[in-house]
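I have placed the structure first, in the form of structure tokens, so that the comments after it can refer back to it.
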Amino acid sequence: MIYPLGGLFFGALLGAYRAKSRGGKAADMAQWAAVFAMIFGIIGLFIVIIITRNTA
């Protein structure tokens, strides 16, 4: 399933947007993008685990 990859992509976009909207520079945007990507990627991983366990 592609939920973790989608979570990484969406999280990175959301983190960069959030940092830019608060007046952050490039380093701030990169840090926020990385953190949000990790958080949403882990959420996507748990979604895949839940779906896999419920369908088997």
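Key figures for this structure:
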read-out: For residue 9, solvent-accessible area (1.4 Å; no DNA, RNA or ligand), Å²; value: 140 Å²
read-out: Carbon + sulfur, % of accessible area of the chain - ligands and nucleic acids excluded, 1.4 Å; value: 73 percent
read-out: Spatial extent of the chain: Rg and Dmax, with the Cα atoms as the point set, Å; value: 13.5, 47
read-out: C-alpha long axis of helix 3-21 to longest principal axis of the chain, angle in °; value: 20 degrees
read-out: Loop-located trypsin sites (Lys or Arg not before Pro) in the range 1-35, at most 12 other Cβ atoms within 10 Å (DSSP); value: 22, 25
read-out: Förster-model FRET efficiency, 35 Å R0, residue 20 and residue 55, C-beta, rounded to 0.05; value: 0.35
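The values are calculated or read from the model by the stated rules, or taken from the named source; none is laboratory data. Only a predicted model underlies this, so the values are computations on that prediction, with no experimental measurement involved. All Cβ positions, glycine included, derive from the backbone under ideal geometry; neighbour counts span all protein chains shown. These area figures cover heavy atoms from the full protein model, side chains too; ligands, DNA and RNA do not enter into them. Shrake-Rupley method; radii C 1.70, N 1.55, O 1.52, S 1.80 Å.
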